[in-house]
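Notes follow the structure.
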């Protein structure tokens, strides 16, 4: 019995995974390991937001808020219930899933900009609550929490974040290539047409929103225990803007695009820190150039050009 050889895409994917697993042994600089770990966190958030916006066709402005829900639920569980951070992360994931079910059930019945505005309202309400409830959340000062791993090195966190990212990408790949994934894309293309052929669009939207929000909350819980501090900034609007930028630059509606965009923009952001306030202007200029000349993002445009010359996407 002969094994089927890897496709070019499969080979490149395997090569990328091996490279990421090997990086801590090559870089040997804790600061850049830290930057990569943060990059993996944003890659998870960009990948999950991409499922909603790029495949389901629903733009959620509550994405960063769900990361904050996971972070706060985990931190509060560790603080008051005295559980281990790993269990706290599980609680944070469940909390995000529960919130997303009720919010999704109510708001996903709305269409177009009305759904987007409803998620924005929820995100703002959550931000106000965690800011004013100083007794429980320490408000804008932030809530200190235990670190996930007691270590002087960032390398263990790097591998945990990488495992979470690979799990997110792999599970998303399986879903998008399943019968349910076809329903997601059908609803994204035309909700009316999907319903006409018997697809329960309401169920598809709620389940997808729950999946995306649960993974986002898990990432947020990890982030809180990695940094050791949870504040309203985790769910701030500028975080959402960064997530959207990473998705658009990398390639919305593609699986690798948000990961590529997140890592590139995280590194680019670090290099621009010395420019101070001008960093934001340069950052915005990069996004404008990308949208202008790479309409489908870096990965999406490259894929199109490879196909046009007869290469493998």
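The values are calculated or read from the model by the stated rules, or taken from the named source; none is laboratory data. No experiment lies behind these values; they were computed from the predicted model shown. FYI the Cβ positions are ideal-geometry reconstructions off the backbone, even for glycines, and counts take in every protein chain you see.
Only one entry in 15, 106, 79, 87 is part of a helix (DSSP H, G or I), touching a strand residue (DSSP E or B) at 6+ places or on another chain (Cβ under 9 Å) and either surrounded by fewer than 17 Cβ atoms within 10 Å (Cβ to Cβ) or free of Cβ contacts under 8 Å to residues at least 60 places away in the same chain (or both), namely 79.
Checking 243, 287, 260, 199 one by one, the residue that is touching a residue at least 12 places away in the same chain (Cβ under 8 Å) and within 26 Å of residue 140 (Cβ to Cβ) is 243 and no other. Inclusion of residue 235 among residues that are in contact with a helix residue (DSSP H, G or I) (Cβ under 7 Å, 6 or more places away or on another chain), touching a residue at least 40 places away in the same chain (Cβ under 8 Å) and under 24 Å from residue 297 (Cα atoms) is not warranted. Between 241, 163, 219, the distinction of being at pLDDT 95 or above, in a helix (DSSP H, G or I) and either surrounded by fewer than 22 Cβ atoms within 10 Å (Cβ to Cβ) or out of contact with any helix residue (DSSP H, G or I) (no Cβ under 8 Å at 6 or more places or on another chain) (or both) belongs to 163 only.
Could you tell me whether the range 298-308 includes any residue that is in contact with a strand residue (DSSP E or B) (Cβ under 8 Å, 6 or more places away or on another chain) and over 22 Å from residue 171 (Cβ atoms)? Within the range 298-308, not a single residue is in contact with a strand residue (DSSP E or B) (Cβ under 8 Å, 6 or more places away or on another chain) and over 22 Å from residue 171 (Cβ atoms). Could you tell me which residue of the range 111-156 is farthest from the chain's Cα centre (by Cα), considering only residues that are surrounded by 11 or more Cβ atoms within 10 Å (Cβ to Cβ), under 16 Å from residue 225 (Cα atoms) and free of Cβ contacts under 8 Å to residues at least 60 places away in the same chain? Looking at residues that are surrounded by 11 or more Cβ atoms within 10 Å (Cβ to Cβ), under 16 Å from residue 225 (Cα atoms) and free of Cβ contacts under 8 Å to residues at least 60 places away in the same chain, I get 149.
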